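These notes concern the structure reproduced below.
The values are calculated or read from the model by the stated rules, or taken from the named source; none is laboratory data. Model, not experiment: these values are computed from the prediction. Accessible surface areas use protein heavy atoms only, side chains included; no ligands, DNA or RNA. Shrake-Rupley method; radii C 1.70, N 1.55, O 1.52, S 1.80 Å.
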Amino acid sequence: MNGRKFAHVAVGSAALLVTLTTFAAADAAARPRRWASPPDVDIVLEGGAVMPRGDLGDDYFATPLGFGAEAGYDVGVRTRVTWPSGWAVSPSFHYQDFGDFTYADGDELFAIKTSIIRYGFDIQHFFQTRRGQPQPFVSAGLALCHNMYRDETVTTLPVSWYEASSDALAFGFGGGLKIDTFELSATYTINRFESARLVEFGLPIDYSWDTIVVRAGLALPAN
């Protein structure tokens, strides 16, 4: 990602986090007795499907920067601290592996493999509902995405390959529904970065590896 685009994403993401934090502080001031109660701490195990967007999912041959990635899987874990007001902070770790794109070149078969390691920090708000009813929530936050690319031979042994990676500060937002300890959620992550090692080696190019993730989660109380 070039400096100007990076600054826009960083400033916009930081502004949203500051806004959410301001609302949380105002909520705390308005309801000091509820915030005086100790927060709940959960370990949330998560897994689901991840859909590639932008260059990541674009056609490998028909678009100049497409990687042809298919839908894949997402697994991860988060720690969440939730106050009685419904506000929560939640650091997380997720691994996302996309479906490979394969193509033939003569007698040789090649595979394009893409994956992302995502370190996130989210601010969430759980809306108050009657006891026993599903509880909707919204979420927004920042993530450090380690974007990984690998192409390799499939039919030739030993396997030959090329690997490259690039880190990016990403922004994610979404929401979901919590039913007791079970959760369903969807998140869109804006993941843009600049690399000189992927499609054109040595030439810096801006890439869009946005994703949509649909997850199921199981919250395990830690306190």
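Computed with every protein chain present, the accessible area of Val214 is close to 70 Å² [probe 1.4 Å]. Ligands, DNA and RNA excluded, the heavy atoms of Asp59 present near 80 Å² of accessible surface to a 1.4 Å solvent probe.
Just the number, please: carbon plus sulfur as a percent of the accessible area of the range 119-186, 1.4 Å probe, no ligands or DNA/RNA counted.
Working: 2340 of 3740 Å².
After summing per-atom areas, the C and S share lands at 62 percent.
Using all pairs of distinct alpha-carbon atoms, the Kirkwood hydrodynamic radius of the range 76-223 works out to 17.6 angstrom.
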